[in-house]
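Data block below; observations after.
The values are calculated or read from the model by the stated rules, or taken from the named source; none is laboratory data. The shown structure was predicted, so the numbers you read here are calculated from the model rather than taken from an experiment. Here the Cβ is made from the backbone with ideal geometry for all residues, glycine too, and neighbour counts use every protein chain on show.
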């Protein structure tokens, strides 16, 4: 291996590490944050009627940038690894992209919901689709 090839390989490995680390970190915030917030809501209700909304607004300041990083690094991931993948892998990727979009839409609608039923339904859909996207990502990486 030439020195140039070694440097190029090292840079490629380093960029892959950065890409995957950013993607996993953003997923930790997006998915883990939703699960954490869902667990905190009962306690927040005991602090007053506005506490859950205040926590949700604070989380949104972290959640939406994390979602943007997930989408950006997801595109980067696809560009880096999709060439030559089997048809089944590409089908799972298509399903994952649909589920990621559904998670974002559900989370957005949840933030706009004005009824308890709307908050519950859209929050549940956001959480469920976010977990599904995470699992599909693991299958794709596997």
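Exactly one residue among 119, 55, 134, 125 is touching a helix residue (DSSP H, G or I) at 6+ places or on another chain (Cβ under 7 Å) and within 15 Å of residue 28 (Cα to Cα), and that residue is 134.
Among the residues of the stretch 29-37, are any free of Cβ contacts under 8 Å to residues at least 24 places away in the same chain, loosely packed, with under 15 Cβ neighbours inside 10 Å and closer than 18 Å to residue 120 by Cβ?
Keep residues of the stretch 29-37 that are free of Cβ contacts under 8 Å to residues at least 24 places away in the same chain, which gives 32, 36-37.
From what's left, loosely packed, with under 15 Cβ neighbours inside 10 Å: 32, 36.
Next, only the ones that are closer than 18 Å to residue 120 by Cβ stay: 36.
Yes - at least one qualifying residue is present in the stretch 29-37.
Of all the listed residues (81, 92, 18), the sole one being more than 18 Å from residue 111 (Cβ to Cβ), free of Cβ contacts under 8 Å to residues at least 12 places away in the same chain and under 18 Å from the mean Cα position of the chain (by Cα) is 18. Filtering the stretch 107-121 to residues that are in a helix (DSSP H, G or I) and either surrounded by fewer than 20 Cβ atoms within 10 Å (Cβ to Cβ) or modelled with pLDDT under 95 (or both) leaves 108, 109, 111, 112, 116, 117, 118, 119, 120, 121. Residues of the stretch 2-17 that are at pLDDT 85 or above and farther than 17 Å from residue 141 by Cα: 10, 12, 14. Against the list (1) over 28 Å from residue 21 (Cβ atoms); (2) surrounded by fewer than 17 Cβ atoms within 10 Å (Cβ to Cβ); (3) touching a helix residue (DSSP H, G or I) at 6+ places or on another chain (Cβ under 6 Å), the condition residue 49 fails is (3).
Among the residues of the stretch 65-84, is any loosely packed, with under 14 Cβ neighbours inside 10 Å, assigned to a helix (DSSP H, G or I), modelled with pLDDT of 95 or more and in contact with a helix residue (DSSP H, G or I) (Cβ under 9 Å, 6 or more places away or on another chain)? Yes, the conditions are met somewhere in the stretch 65-84.
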